[in-house]
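What follows is one structure encoded as structure tokens, with my remarks underneath.
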Amino acid sequence: MGVLKTIFFIVLFYYAFKLIARILVPFLLSYFVKKAQNNFHNEAHEDLKNEGEVSIKYNPNQQNKGKDSGDDHGEYVDYEELN
């Protein structure tokens, strides 16, 4: 009798979960899609600039930390060709 009771509760919980998921998932999905759309819309309008407007993101007071030279081209690496 205990095995039948356990199987009955497993089947009952399975169908209850399916029913609840079928009802709640569309609402949750639409909520997250609207939230993502709003975030995308807000970020797109923040970066929008007027035509002809120039913005420079260079701070002359900022020093190069830990670099001997002022160029940002990287380090030269000598190599040998292998035949």
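The numbers here are math on the coordinates, done by the rules we state, and not lab data. This one's a predicted model, so the numbers in the text were calculated from it and none came from an experiment. Don't worry about glycine lacking a Cβ; one is built from the backbone with ideal geometry, like all the others, and counts go over all protein chains shown.
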- Query: Applying the Karplus parametrisation 6.51 cos²θ - 1.76 cosθ + 1.60 with θ = phi - 60° to the phi angles of region 74-83, what ³J(HN,Hα) value in whole Hz is obtained for each residue in order, glycine and proline being reported as x?
  - Reply: x, 9, 7, 10, 6, 9, 10, 7, 10, 9
- Hey, rough spin-label estimate for ILE7 and LYS34, points 7 angstrom out along Cα→Cβ, what's it come to in nanometres? 4.5
- Query: Once you sort the root eigenvalues of the Cα gyration tensor of region 1-47 as a ≥ b ≥ c, which label holds: rounded (a/c under 1.5), prolate (a/b larger than b/c) or oblate (the other case)?
  - Reply: prolate
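Assign unit charges at the C-beta atoms only (+1 for Lys and Arg, -1 for Asp and Glu), then state the dipole size of region 1-47 relative to its Cα centre in Debye, rounded to the nearest 20.
Working: 5 positive and 3 negative charges, 106 e Å.
The calculated dipole for region 1-47 is roughly 520 debye.
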